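Take a look at the structure below.
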Amino acid sequence: MKSGQVCWFEIPVIKLDRAIEFYSVILNVKIEKIKILDKENGIFKKENHQIGGVLVEKEGHAPGKGPMIFFFVVGLSDVLNNVTTLAGKV
């Protein structure tokens, strides 16, 4: 995997079972319930080299706040230095 590629996503939901049914039907994908850190999530079953992700219920992480997207990076200290150079906050 190359630096800068999206490697994971989290979609915030209010009702996990309802969201699993919704996304399974509209996207025609298999979503399984699994426990991550003692909390149930809906994980998108990935095939081959697809990006992985989950439906997640957690406090302060609700629909309307948007999904969280994670990037794979090589040389994290360089990436963080570039963020601050461009007036971003770490």
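Can you confirm whether Gly53 is under 18 Å from Ala19 (Cβ atoms), at pLDDT 85 or above and either under 16 Å from the mean Cα position of the chain (by Cα) or exposed (fewer than 10 other Cβ atoms within 10 Å of the Cβ) (or both)? Talk me through it step by step, then tell me what you get.
Working: under 18 Å from Ala19 (Cβ atoms): yes; at pLDDT 85 or above: yes; either under 16 Å from the mean Cα position of the chain (by Cα) or exposed (fewer than 10 other Cβ atoms within 10 Å of the Cβ) (or both): yes.
In short, yes.
Among the residues in segment 80-89, are any surrounded by 13 or more Cβ atoms within 10 Å (Cβ to Cβ) and either in contact with a Phe, Trp or Tyr (Cβ under 8 Å, 6 or more places away or on another chain) or in contact (Cβ under 8 Å) with a residue 12 or more places away in the chain (or both)? The answer is no; no qualifying residue exists.
Taking Phe70 as the residue in question, decide whether it is touching a Cys at 6+ places or on another chain (Cβ under 7 Å), assigned to a strand (DSSP E or B), open to solvent by less than 100 Å² (accessible area, probe 1.4 Å) and among the aromatic types (Phe, Trp, Tyr).
On the way: touching a Cys at 6+ places or on another chain (Cβ under 7 Å): yes; assigned to a strand (DSSP E or B): yes; open to solvent by less than 100 Å² (accessible area, probe 1.4 Å): yes; among the aromatic types (Phe, Trp, Tyr): yes.
Yes.
Screening Glu57 against (1) more than 16 Å from Phe70 (Cβ to Cβ); (2) out of contact with any helix residue (DSSP H, G or I) (no Cβ under 7 Å at 6 or more places or on another chain) leaves a single unmet condition, (2). For the condition at pLDDT below 90 and either under 13 Å from the mean Cα position of the chain (by Cα) or open to solvent by 50 Å² or more (accessible area, probe 1.4 Å) (or both), Lys35 does not qualify. Within this structure, Lys46 passes the test of being under 19 Å from the mean Cα position of the chain (by Cα), open to solvent by 80 Å² or more (accessible area, probe 1.4 Å), over 17 Å from Ala19 (Cα atoms) and free of Cβ contacts under 8 Å to residues at least 12 places away in the same chain. Within segment 5-30, being assigned to a loop (DSSP other than H, G, I, E, B), under 15 Å from the mean Cα position of the chain (by Cα) and not hydrophobic (A, V, I, L, M, F, W, C) holds for one residue alone: Gln5.
What do you reckon, is Ile11 touching a Pro at 6+ places or on another chain (Cβ under 8 Å) and at negative phi? Yes; evaluated as a whole, the condition is true for this residue.
The values are calculated or read from the model by the stated rules, or taken from the named source; none is laboratory data. The model shown is predicted, which means the values in this text are computed figures rather than measured ones. Neighbour counts are summed over all protein chains in view; Cβ atoms, including those assigned to glycine, are modelled from backbone coordinates with ideal geometry. These area figures cover heavy atoms from the full protein model, side chains too; ligands, DNA and RNA do not enter into them. Shrake-Rupley method; radii C 1.70, N 1.55, O 1.52, S 1.80 Å.
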